[in-house]
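One structure below.
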Amino acid sequence: MDAVSFPALSDLRATARVVSLPLVTRFRGIDAREALLLEGPQGWTEFSPFVEYDDAEAAAWLTAAIDFGWHPQPAPVRDAVAVNATVPAVAPAFVPAVLARFDGCRTAKVKVAERGQTLADDVARVRAVRQQLGAEGRVRLDANGGWNLDEAEHAVHALSEFDLEYLEQPCASIDELAELRERIADWDIPIAADESVRKASDPLAVARAGAADLIVVKAQPLGGVRRALEIVADAGLPAVVSSALDTSVGIAMGVALAAALPDLDYDCGLGTASLLAADVTTTPLHPENGALPVRRVEPDATLLEAHAASPERRDWWLARLERCYALL
Ligand SMILES: [Mg+2]
């Protein structure tokens, strides 16, 4: 990136706004999502690595934020992106209310292997989702690496009756994913890699190891839309674009990635703004008729104010911004 288009830290600080948005239901162990938003010459952009991530990991998110705000993005090849509903690790009774937030979505991604829950909890939740979506619906699961090999194999046996589209990151390591893929070869359930792509030092290792049938890619952790497009091309596997529980500003970055992918065979995990009880715009990127439009998002000044993080949290984010900037 050249000096003209690469912003100084003072440029970033000048427009930085830190927000804390309440979630509809507890997700990833949090009740509110914090994000730092920035305005560049291309429009608003988002820097929102989860708070527990270290600076080295968070720096890639800043690279992505700067890229989206300061550089023109690859041309879209579609003007809408079909998305899935996301069902957190809720009790079965809450499943209809969660799905109701995702207008027209034919696919649901269901969180499983939640710490403190049992396989019976997963089975009950997945059954409720399957019942709600009907036979035509697509049900995919995300374990976030929460099972060991034997647990994953056992879970596949218990959950296969629900006609799964794929199983995302059932185990944590690439070796485990590869071994599981062999063990369950007869079950015809594809394995998707997520954390093994975005948290690995080498995002292509999972493809080389033959450890997955498809990959989940996220624009922020992979360093931006262009970098993610390169990774998908190099991996040579089908890709699903997903979000990291971003505000609608960050979702727009994911949508830009999904819109620019040459092939997009799966519904994308970009409907998660529907899990926020509040957003930074009055026209959030919520799915309508199962899809999102391809557009950028400009936050509403009133909402930035209404959901501003506390001064302490703002200082924390600005300090993080400065540390990560120094790593670029
Ligand atoms: Mg995932």
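Values as computed for the structure displayed
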| item | result |
| --- | --- |
| Debye, to nearest 20: dipole size of the range 5-105, +1 on Lys, Arg Cβ, -1 on Asp, Glu Cβ | 340 debye |
| Cut-off under 5 Å, modelled amide H: who pairs with Glu34 long-range | Leu21 |
| For the range 164-311, alpha-carbon Rg and Dmax in angstrom | 16.8, 55 |
| Environment charge at Asp103 (Cβ cut-off 14 Å; Lys +1, Arg +1, Asp -1, Glu -1) | 0 |
| Extent along principal axes [Cα atoms of the chain; Å; largest to smallest] | 55, 41, 37 |
| The range 80-301: antiparallel DSSP beta bridges as a percent of all, rounded to 5 | 20 percent |
| Simple Cβ-charge dipole of the range 80-301, Lys/Arg +1 and Asp/Glu -1, about Cα centre, in debye nearest 20 | 640 debye |
| Proximal charge balance of Ala82 [Cβ under 9 Å; K/R count +1, D/E count -1] | 0 |
| Angle between the chain longest axis and helix 311-327 axis [Cα atoms, degrees, rounded to 10] | 90 degrees |
| C-alpha long axis of helix 119-133 to longest principal axis of the chain, angle in ° | 80 degrees |
| Hz values of 3J(HN,Hα) by residue in the range 239-246 - Karplus curve (6.51, -1.76, 1.60), Gly and Pro given as x | 10, 10, 8, 10, 10, 10, 6, 6 |
| Separation of the Ala301 and Arg115 label points, Cα + 7 Å toward Cβ, nm | 4.3 nm |
| At 0.890 mPa s and 25 °C, Stokes diffusion of the range 30-94 via Kirkwood alpha-carbon radius, µm² per second | 167 µm²/s |
| Computed over the range 139-182, Kirkwood Rh from alpha-carbon pairs, angstrom | 10.3 Å |
| Using alpha-carbon coordinates, inclination of helix 225-235 to the longest axis of the chain, degrees | 30 degrees |
| Residue-wise HN-Hα coupling along the range 196-210, computed from phi with Karplus coefficients 6.51, -1.76, 1.60 (Hz; x: Gly, Pro) | 5, 9, 8, 9, 7, 5, 10, x, 9, 4, 5, 6, 4, 7, x |
| The chain, relative contact order [Cα under 8 Å, separation at least 6], % | 23 percent |
| Residue-count net charge about Leu261 - beta-carbon cut-off 14 Å; Lys, Arg +1, Asp, Glu -1 | -2 |
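Read-outs throughout are calculated quantities, based only on the coordinates presented, and are distinct from any laboratory measurement. This one's a predicted model, so the numbers in the text were calculated from it and none came from an experiment. For neighbour counting, all protein chains shown are included, and Cβ atoms are generated from backbone atoms with ideal geometry for every residue, glycine included.
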